[in-house]
Amino acid sequence: MGLDMNNYIFAGRETPELVDMLNNNKALALVRELNFKYKLAVVGVVEQPIMQLGIKADQNRGFIVGLGEGNMAGIPIGIAYVSTTTEFNEDHNLVTKTEYAYQSEYISKMRASSQEDRSTYKSIKLASLLGTIKRQEAIPSPEIIFRRISGGIHSGIDMATSELRNGRSSKHIEMTGEQFHIMLKTVINGDPLPLNLIDICKIELDKLNTIDKNVSHANSEVDRMFGKSFYALGANKYREKGGEAHSDLVLAVCKYTDDRVEILKPIKHLKSLADVPELIPVMTMLKVSIEDKQKELINDCIPLVAAFFEELDMAVDYNRYPTMYEYIWAITPCGEDVT
């Protein structure tokens, strides 16, 4: 009786093409074990670079895996594939070596010949590779995954806070040392301040009061937008099979309190923005607001910008250019309590 490939593919990603790829690829054994031991599921396919001749193209694929359940289900965390290399043996004959491989940006080996090698574990024996993955704790927890992908969310909130404060929150007194000395001496001695120093103090006091007013306004606005619940619409970007650009669109419902972003509901994977009709108006207005700035659109809906749009109650930001592991986020308040 054959294996049910859908057991190893993330719900909603099953296609006859992907099922056939997985069923006929040597990496299936690794995918199966990752599913059994860590509940990982395939969320996509990428091409792995191949340097030698004579290797079948259908084996030149890596299967992107993510957690199969929980808040971070379906977020890419690694690539399972079979690595095939050719080398000369002691008799100077060209031989082929096949290894199981697991690559992830959550891996960082101390010694490596390249960045790819630094983030990859390989072994001829499947059991040995699985032992290394377990020993090195290469499969991240949902909390670790969220900390990584939420960086852009947090940056967007910080950006909104800074702009609402007009960029200033620290209090810096613009007085010379001599002026400050005179002020301290006269106040402590109970003497009246010189008129010129009173004028300087009034200017400084106005500045400090303005900072307090801006900070209070910013804190109130940030709490209004993000303190109860807000949508975080995210998109990544990577090269899929055949070299085609691919992007996943996800939606999180989050909350921001005590300088911490908390996820309230499991990540939802979207086929398109049409799956979230309540966000279509504000995302359309966002597109209109930047349409003359020639910005790249990730997943055809999130402009590649880092900006706070006060009139829309929205911030867009990212830590690094979107990749398989990195997302750009558009954050905006939920219209009602969706928790």
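Run down SER216, SER247 and say which single residue is among the small types (Gly, Ala, Ser) and open to solvent by less than 50 Å² (accessible area, probe 1.4 Å). Please lay out each step first, then the result.
Values: SER216 fails: open to solvent by less than 50 Å² (accessible area, probe 1.4 Å).
Of SER216, SER247, the one residue that is among the small types (Gly, Ala, Ser) and open to solvent by less than 50 Å² (accessible area, probe 1.4 Å) is SER247.
Of all residues in the stretch 168-222, those satisfying the criterion of being small (Gly, Ala, Ser) and under 30 Å from LYS255 (Cα atoms) are SER169, SER170, SER216, ALA218, SER220. The single condition among (1) touching a strand residue (DSSP E or B) at 6+ places or on another chain (Cβ under 9 Å); (2) open to solvent by 30 Å² or more (accessible area, probe 1.4 Å) that ILE298 does not meet is (2).
Checking each residue in the stretch 187-202 for being among the β-branched types (Val, Ile, Thr), free of Cβ contacts under 8 Å to residues at least 24 places away in the same chain and under 22 Å from HIS172 (Cβ atoms) picks out VAL187, ILE198.
Reported count of residues in the stretch 257-267, each being in contact with a Lys or Arg (Cβ under 9 Å, 6 or more places away or on another chain) and surrounded by 17 or more Cβ atoms within 10 Å (Cβ to Cβ), is 2. For the residues TYR231, TYR327, TYR238, TYR318, the requirement of being in contact with a Ser or Thr (Cβ under 7 Å, 6 or more places away or on another chain), closer than 16 Å to ILE75 by Cβ and surrounded by 16 or more Cβ atoms within 10 Å (Cβ to Cβ) singles out TYR238.
Inside the stretch 247-339, counting only strands (runs of 3 or more DSSP E) that do not spill past its ends, which hold 1 or more residues that are aromatic (Phe, Trp, Tyr)?
Values: elements: 249-257, 260-270, 307-309, 314-317, 328-333.
Per the criteria, 249-257, 307-309, 328-333.
Looking across the stretch 68-85, just one residue is open to solvent by 50 Å² or more (accessible area, probe 1.4 Å) and either at pLDDT below 80 or in contact with a helix residue (DSSP H, G or I) (Cβ under 6 Å, 6 or more places away or on another chain) (or both), and that is ASN71.
Among the residues making up the stretch 93-131, those that are farther than 13 Å from TYR81 by Cα, open to solvent by less than 80 Å² (accessible area, probe 1.4 Å) and of a type in the set (Val, Ile, Thr) are VAL95, ILE107.
Being open to solvent by less than 60 Å² (accessible area, probe 1.4 Å) and either part of a loop (DSSP other than H, G, I, E, B) or not β-branched (Val, Ile, Thr) (or both) is the filter here, so list the residues in the stretch 178-203 that pass it. Spell out the reasoning first.
First, pick out the residues of the stretch 178-203 that are open to solvent by less than 60 Å² (accessible area, probe 1.4 Å): 179, 182-183, 186, 193-194, 197-198, 200-201.
Correct list: GLN179, MET183, LEU193, PRO194, LEU197, CYS201.
The values are calculated or read from the model by the stated rules, or taken from the named source; none is laboratory data. Quick caveat, the model's predicted, so the values are computed rather than measured. When we count neighbours, we look across all protein chains shown, and the Cβ atoms used for this are built from the backbone with ideal geometry, even at glycine. Accessible surface is based on the protein model in full, side chains and every heavy atom, while ligands, DNA and RNA are left aside. Shrake-Rupley method; radii C 1.70, N 1.55, O 1.52, S 1.80 Å.
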